[in-house]
Structure formats: structure tokens, C-alpha cells
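> My questions will all concern the structure given below.
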Amino acid sequence: MAASSLDQTDKALLRLLQDNANLTTKELSEKLHLSPTPVYERQKRLEKEGYIEKYVAVLNKEKLGKKLIVFCNVKLKQHERGMGEKFVNAINNMPDVMECYNISGEYDFMLKILVEDMPQYQDFIMNKLTLIENIGSTHSMFVMGEIKRSLAYTI
């Protein structure tokens, strides 16, 4: 099912769940002006069809001591399939890397890294990232202030 085949109620349900996944079926049904059973069935169908991947708690990074966000661009030396897979596998096993994108342009990958402070980032670079085979170069950009952060998609 493509997004265009979602009806307005499906879209409204997805928007509500993106805003607060803790809403009960009863609360959702009141907001959607439907009885609980069809809301429950719609939610289960959207889960089954893959529109809803999972439910998570969004944590406060500052309270957890994670105050430095870094975007790090990485260029590989070689672009053979096996070398790229090794890089991806290594990145997937690094909890400080919050997101990783394969990008076009001068660099091959863009990482979003969340650490406590600059010394911890330096440790990450020296003792984790640079140990990955085939890294040609990196370029780090440090976030000075977070202007907008959204976890919700426009539906």
C-alpha cells in the first residue's frame, strides 16, 4: 500500500501516534471520532503493512550527559563492495553513531554522532573511527545550537 492509498483517518491516526505513541486506543478513538474497535484494527493494519515500524521513547540527551552533536563526513579510500560493507558493519556496532547516511558528493558517508564533550569525541575519532579499515579522510562539523528537531514525517 502506497502512502497515497491511505485515507484521511489513517493519516490522522499516524499523525496522532507520531505526536504521542502512548495514547490508548480509547484516547485515539475519541480524537478520531470513531469507536475503539476500528481504531485498534486500523493501527494493527498500519503496523502489519509496515507504516509503523516500532514505538520508542525519545530521551533527553542533555539529562543523559550527551551534550555534543557532531556531523562527521567520511571518505573511503576504496569503493569495493566488501570494503563498504566492512565500514557499514563497523558503524552499526558503534553506539555513539546515532545515524549514518550513504551520501553523494565529495564524501561517501555522513555520520551523526552524539557524545558528552570534545574529549569524548576525540576518543571516538582516535580509538574507534580511525581504526576502521579503508577510511581515507574525515571532516567534522560541530553543532553550536539545535534550531529544529522533528521525529515526525509529514503525512
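> Need pairs with beta-carbon distance below 9 Å; first residue closer than 11 Å to Val74 by Cα and touching a residue at least 24 places away in the same chain (Cβ under 8 Å) and within segment 85-111, second open to solvent by 60 Å² or more (accessible area, probe 1.4 Å) and among the acidic types (Asp, Glu); sequence gap 6+ or separate chains.
Phe87/Glu133; Met110/Glu99; Leu111/Glu99
> Being closer than 16 Å to Met83 by Cα, of a type in the set (Val, Ile, Thr) and open to solvent by less than 50 Å² (accessible area, probe 1.4 Å) is the filter here; which residues of segment 113-139 pass it?
If the condition is that a residue be closer than 16 Å to Met83 by Cα, of a type in the set (Val, Ile, Thr) and open to solvent by less than 50 Å² (accessible area, probe 1.4 Å), then Ile132, Ile135 are the ones that fit.
> Right, another one. Considering segment 68-92 alone, what residues qualify as being under 22 Å from Phe142 (Cα atoms) and either open to solvent by 60 Å² or more (accessible area, probe 1.4 Å) or among the hydroxyl-bearing types (Ser, Thr, Tyr) (or both)?
Phe71, Lys75, Asn92, listed by residue number.
> Is it the case that Lys26 is free of Cβ contacts under 8 Å to residues at least 12 places away in the same chain, open to solvent by 30 Å² or more (accessible area, probe 1.4 Å), in a loop (DSSP other than H, G, I, E, B) and basic (Lys, Arg)?
no
> What residue, of Met110, Met144, is open to solvent by 60 Å² or more (accessible area, probe 1.4 Å), on the phi < 0 side of the Ramachandran plot and among the hydrophobic types (A, V, I, L, M, F, W, C)?
Met144
Conditions (1) of a type in the set (A, V, I, L, M, F, W, C); (2) touching a helix residue (DSSP H, G or I) at 6+ places or on another chain (Cβ under 8 Å), marked per residue:
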{"residue": "Ser5", "(1), (2)": "no, no"}
{"residue": "Leu23", "(1), (2)": "yes, yes"}
{"residue": "Gln78", "(1), (2)": "no, no"}
{"residue": "Gly84", "(1), (2)": "no, no"}
{"residue": "Ile91", "(1), (2)": "yes, no"}
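> In segment 29-67, how many are closer than 30 Å to Asp96 by Cα, open to solvent by less than 60 Å² (accessible area, probe 1.4 Å) and among the hydrophobic types (A, V, I, L, M, F, W, C)?
Matching residues across segment 29-67 total 1.
> Please identify the pairs in which a residue from segment 116-127 that is free of Cβ contacts under 8 Å to residues at least 60 places away in the same chain has its Cβ atom under 7 Å from the Cβ atom of a residue that is of a type in the set (D, E, K, R) and surrounded by 11 or more Cβ atoms within 10 Å (Cβ to Cβ), counting only partners at least 6 apart or on another chain.
Matching pairs, first to second residue: Glu116/Lys66; Glu116/Lys67; Asp117/Lys67; Phe124/Asp96.
The values are calculated or read from the model by the stated rules, or taken from the named source; none is laboratory data. Note that the coordinates shown come from a computational prediction; the quantities given were computed from them, not determined experimentally. Don't worry about glycine lacking a Cβ; one is built from the backbone with ideal geometry, like all the others, and counts go over all protein chains shown. Remember, those area values only see protein heavy atoms, side chains included, never the ligands or the DNA or RNA. Shrake-Rupley method; radii C 1.70, N 1.55, O 1.52, S 1.80 Å.
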